[in-house]
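Worksheet: one structure, shown below.
The values are calculated or read from the model by the stated rules, or taken from the named source; none is laboratory data. Predicted model, so just to flag it, every value in this text is computed and none were measured. Here the Cβ positions follow ideal geometry from the backbone for every residue, glycine too, while neighbour counts run over all protein chains shown.
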Amino acid sequence: MNLTLKIWRQPDPVSEGALATYQVEDISEDMSFLEMLDVLNERLNSEGEEPIAFDSDCREGICGMCGLMINGDAHGPLRTTTCQLHMRTFKDGETITIEPWRSTAFPVLKDLCVDRRAFDRIIQQGGYVSVNTGAAPDAHAMPVPKAQADRAFDTATCIGCGACVASCPNGSASLFLGAKITHLGELPQGQAERDTRVVKMVAQHDHEGFGGCTNIGECAAACPKEIPLDVISQLNKDLRTAVRHGY
Amino acid sequence: MRHAGTLTFVASQTELAKPLVEQVRSTRSTIALKIGMAASGLIFVLFVLLHMYGNLKAFGGEHAFNTYAHHLRTFGEPMLPYGGLLWIVRAVLIVSLVVHVATAATLWKRARRARRVRYAVKKNTGATWASLLMRWGGVTLLLFIIWHLLNFTIGKINVTGGPTDNPYRLLVDTFDTWWLTLIYLVAMAMLGAHLHHGVWSACQTLGLTSNARARRRAKAFGLVLALVITIGFSLVPIFTVFGVISY
């Protein structure tokens, strides 16, 4: 495959960036999207040009490190992570525009890399349960109904990649917040901190500069883990309950 | 990574740009703003349903319509003064309007700040047309409401030069004017779009749609309500144009 790539280049957080055009040739359609970029970077390296910075880690769709805006879709046209997107999804001769996540709360560090520590700070505010450490508890000492265990598990699949923020017209992280709130709120261990968790996490979310949710649904359509919009309703419900409880 | 050194240096420049927030309050969150918007919106929904019922009285002729208009003012007498209930309703509507517009403006501003750099290419895959029209559609509706109040309540403007103290004749004269009918029909289409997304979005914001079935039902409810209200309001102008409602 031969492709024309328009890639965002920005040397550092403070400099102005711009889209640069590259031609890549003889790309196998079995390559992953990131391997295609690796091939381009090998060439740039050999030509003495600065290679394109982009994030990746596990390359098997479970770590949440990779994430690119590909032709206007977070993680590209398929509902998967960028590393699991393959070049067979594209047509020979196609022009592909590649941009970093655009969010004030995710400043661009370099080229396609953004700083997503805003998510870490949201988690620090309550994305955990406090337990006394000690001997491991007996299995099934605390029964969890199947339906709740399933929902907690499904929402716990959120890998914090930031595609929800990147695709949201409001730049909101509500799907990420909702996934965490639902995951912990469904479990008995999560009840003690339920009110303070939602209030603190939402406060940090707002403080980081993420926008408010208008329930458009771009996030759920982009989420590689297929987290549904239900979790945002759950988030709103938990916040409303916290208001009622005076937090 | 090959250029890990550069990235570490760049990352350290933005270290601790935003610390964890303290002294958080649930009522100061973006979600609290959304709850305010949803609650005021539902008041408007109840109001437009009653308003639509009143409008449809025009099919009953001049006497039925004008009697209804008169009864709106004498409703609750002698417990309430003349026009008392009307003023209570107006007060509720004015407070709702202030809440609805103020929260919308705040959230709109937040959303703009949340993405200062726009995408070169951005697709909307999960959004409905109505959901993307909420803000400018809302502005359109606000301008329409101002005109509508000047037309029928505050100013009582009769562009044909006819009577202004007879509600039925003012209505017929208004909708006999093609461009006024056009303004009203466009505004009702806008209202329909606003309700199509707004009703289900309010349900979601109030935390009533925390599973897939409830979400589908809320969306269906929003669509049905939007159609009922849009068609219900459009009947009177259309039937006036065709001479069914006349004097």
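A compact table of results
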read-out	value
Helices (runs of 4 or more DSSP H) wholly inside the stretch B:151-244 that include at least 3 residues being within 23 Å of B:VAL139 (Cβ to Cβ) and under 15 Å from the mean Cα position of the chain (by Cα)	B:178-205, B:212-241
Subset of the stretch A:156-185 (residues that are touching a Pro at 6+ places or on another chain (Cβ under 9 Å) and surrounded by fewer than 24 Cβ atoms within 10 Å (Cβ to Cβ))	A:ILE159
Test: A:ALA152 is under 25 Å from A:GLY212 (Cα atoms) and either within 13 Å of the chain's Cα centre (by Cα) or not small (Gly, Ala, Ser) (or both)	no
Lone unmet requirement of (1) loosely packed, with under 13 Cβ neighbours inside 10 Å; (2) under 17 Å from A:ARG116 (Cβ atoms) for A:THR81	(1)
Checklist (1) surrounded by fewer than 21 Cβ atoms within 10 Å (Cβ to Cβ); (2) under 26 Å from A:ILE216 (Cα atoms) applied to B:PHE242, failing item	(2)
Selected residue (criterion: farthest from the other protein chains (Cβ to nearest Cβ)) from residues of the stretch B:190-227 that are touching a residue at least 12 places away in the same chain (Cβ under 8 Å) and among the β-branched types (Val, Ile, Thr)	B:VAL199
Close pairs from the stretch B:119-145: first facing another protein chain (nearest Cβ under 7 Å), partner of a type in the set (Asp, Glu) and assigned to a helix (DSSP H, G or I), Cβ under 6 Å, at least 6 apart	B:GLY126/A:GLU218; B:ALA127/A:GLU218
Selected residue [buried (at least 21 other Cβ atoms within 10 Å of the Cβ) and in contact with an Asp or Glu (Cβ under 6 Å, 6 or more places away or on another chain)] from B:TYR168, B:TYR247	B:TYR168
Candidate set: the stretch A:20-50, residues that are within 20 Å of A:GLU60 (Cβ to Cβ) and of a type in the set (A, V, I, L, M); chosen: the one farthest from the other protein chains (Cβ to nearest Cβ)	A:MET31
Residues (more than 7 Å from chain B (Cβ to nearest Cβ) and polar (S, T, N, Q)) located in the stretch A:216-247	A:THR241
Test for A:LEU78: is it aliphatic (A, V, I, L, M), free of Cβ contacts under 8 Å to residues at least 12 places away in the same chain, out of contact with any Cys (no Cβ under 7 Å at 6 or more places or on another chain) and within 27 Å of A:ILE227 (Cα to Cα)	yes
Number of positions in the stretch A:45-104 that are part of a helix (DSSP H, G or I) and either assigned by TED's automatic domain parsing to the domain that holds A:GLY209 or not hydroxyl-bearing (Ser, Thr, Tyr) (or both)	5
